[in-house]
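Visitor: Have a look at this one.
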Amino acid sequence: MKTILRSIFIFTFAIGVYGIALTGQETSEPQSQPTNSASAGGTNCPEAEVERPWVVLGRSVQCRPILAVTRGEGEKAVLLLGAVHGGERLTGPFVERFDNEVLSKPGAVSDNRRVIVVAYVNPDGYALGARANAHGVDINRNFPTMNWQDKATWETFPPGPFPMSEPETGVVVKLIESERPVLIISVHSPMNMINFDGPARKRAKKMSRISGLALKKSIGYATPGSLGTYAGVERHIPTITLELPNAQNIDEFWEPVRDALIFAINH
């Protein structure tokens, strides 16, 4: 019970700080499916109050706001995502700390870049300490890709009833469509590596050297319906999966990984 209460407290503090106002066109790609009440993003949810520059992007299954902030005003957008899997406990706080201590400072982002930070893509999963969202769906197997399949490759990776069935997935897809990023970095754990999809090898290799994390083109198993496939492989957007080390706290790896992220965002 103490652990659950602590997780809820941490999450409540985090979402009290985050959000950005972004708009975009609904996807018209043939592999996308009609939305249902879940993918519509919680239309019956009460309005959330957040302080600018934080604005709600959408809602989770359980009506938690999915929040973000934009740092910088450049033409080229970079997406920085955390807590796609809620059970990867350090990813959301790591992205949040990186925003607070680095991106929010004057001059941190190059003049031609803007960084859109979504620290908690899966706020329900984070609150529950679970990999999946509140429907029990793995967000990183739910993207509308050509290789999406309705059978889980692993028992703990359920892909959902159809592609983009989940509101959390829909928020990320809409963000990609509206912002047309030149780079996507999704923070995961605890596989201690830099993985990449699409035309991101050169940047990923440099990140590996700076951070000390291993560079791997393949994560080691099939990932149908993943963000890497959706954005990197099928849309040719440089997409990096930053797998944090297996650690007890962020301080154990903070400086080299921070520096690698700074490089990736500004080059």
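The values are calculated or read from the model by the stated rules, or taken from the named source; none is laboratory data. Predicted, not measured: the structure shown is a model, and the values here were computed from it. Cβ atoms come from the backbone with ideal geometry, glycine included; neighbour counts cover every protein chain shown.
Visitor: Identify, by number, the condition in (1) crowded, with 24+ Cβ neighbours inside 10 Å; (2) not in a loop (DSSP other than H, G, I, E, B) that residue 121 doesn't meet.
Guide: For residue 121, the failing item is (2).
Visitor: I'd like the full set of residues that are basic (Lys, Arg), assigned to a loop (DSSP other than H, G, I, E, B) and within 17 Å of residue 186 (Cα to Cα), limited to segment 131-175. Quick ask: steps written out before the conclusion?
Guide: Keep residues of segment 131-175 that are basic (Lys, Arg), which gives 131, 141, 151, 174.
Now narrow it down to the ones that are assigned to a loop (DSSP other than H, G, I, E, B): 131, 151.
The answer is 131, and nothing else.
Visitor: Out of all the residues in segment 82-100, which are crowded, with 22+ Cβ neighbours inside 10 Å and of a type in the set (S, T, N, Q)?
Guide: Result: 91, single match.
Visitor: Is it fair to say residue 196 is assigned to a strand (DSSP E or B), farther than 19 Å from residue 92 by Cβ and either within 18 Å of the chain's Cα centre (by Cα) or not aliphatic (A, V, I, L, M) (or both)?
Guide: Values: assigned to a strand (DSSP E or B): yes; farther than 19 Å from residue 92 by Cβ: yes; either within 18 Å of the chain's Cα centre (by Cα) or not aliphatic (A, V, I, L, M) (or both): yes.
Answer is yes for this residue.
Visitor: Look through segment 229-257, keep the residues that are among the hydrophobic types (A, V, I, L, M, F, W, C) and assigned to a helix (DSSP H, G or I), and return whichever of them is farthest from residue 216 (Cα to Cα).
Guide: Within segment 229-257, the match that is farthest from residue 216 (Cα to Cα) is 250.
Visitor: Looking at residue 137, is it surrounded by 19 or more Cβ atoms within 10 Å (Cβ to Cβ) and over 14 Å from the mean Cα position of the chain (by Cα)? Write out each step before concluding.
Guide: Values: surrounded by 19 or more Cβ atoms within 10 Å (Cβ to Cβ): yes; over 14 Å from the mean Cα position of the chain (by Cα): yes.
Yes; evaluated as a whole, the condition is true for this residue.
Visitor: Does any residue of segment 49-56 turn out to be at positive phi and in contact (Cβ under 8 Å) with a residue 12 or more places away in the chain?
Guide: Looking through segment 49-56, none of the residues is at positive phi and in contact (Cβ under 8 Å) with a residue 12 or more places away in the chain.
Visitor: Any residue in segment 101-115 that is touching a residue at least 24 places away in the same chain (Cβ under 8 Å), crowded, with 18+ Cβ neighbours inside 10 Å, assigned to a strand (DSSP E or B) and in contact with a Cys (Cβ under 6 Å, 6 or more places away or on another chain)?
Guide: No, there is no match, as no residue in segment 101-115 is touching a residue at least 24 places away in the same chain (Cβ under 8 Å), crowded, with 18+ Cβ neighbours inside 10 Å, assigned to a strand (DSSP E or B) and in contact with a Cys (Cβ under 6 Å, 6 or more places away or on another chain).
Visitor: Tally the residues that are crowded, with 16+ Cβ neighbours inside 10 Å and over 23 Å from residue 90 (Cβ atoms), restricting the search to segment 207-230.
Guide: 4
Visitor: Something else: If we scan segment 142-160, do we find a residue that is aromatic (Phe, Trp, Tyr), in contact with an Asp or Glu (Cβ under 8 Å, 6 or more places away or on another chain), at pLDDT 95 or above and farther than 18 Å from residue 57 by Cβ? Outline the logic, then answer.
Guide: Step one: filter segment 142-160 for residues aromatic (Phe, Trp, Tyr), giving 143, 148, 154, 157.
Checking the rest, the ones that are also in contact with an Asp or Glu (Cβ under 8 Å, 6 or more places away or on another chain) come to 157.
Remaining after also requiring at pLDDT 95 or above: none.
Taking every residue of segment 142-160 in turn, none turns out to be aromatic (Phe, Trp, Tyr), in contact with an Asp or Glu (Cβ under 8 Å, 6 or more places away or on another chain), at pLDDT 95 or above and farther than 18 Å from residue 57 by Cβ.
Visitor: Kindly indicate whether residue 79 is part of a strand (DSSP E or B), crowded, with 24+ Cβ neighbours inside 10 Å and in contact (Cβ under 8 Å) with a residue 40 or more places away in the chain.
Guide: no
Visitor: Among all residue pairs at least 6 apart or on different chains, which show Cβ distances below 8 Å where the first residue, located in segment 196-221, is touching a residue at least 60 places away in the same chain (Cβ under 8 Å) and the second is part of a loop (DSSP other than H, G, I, E, B) and not aromatic (Phe, Trp, Tyr)?
Guide: 203/238; 203/267; 206/267; 221/153
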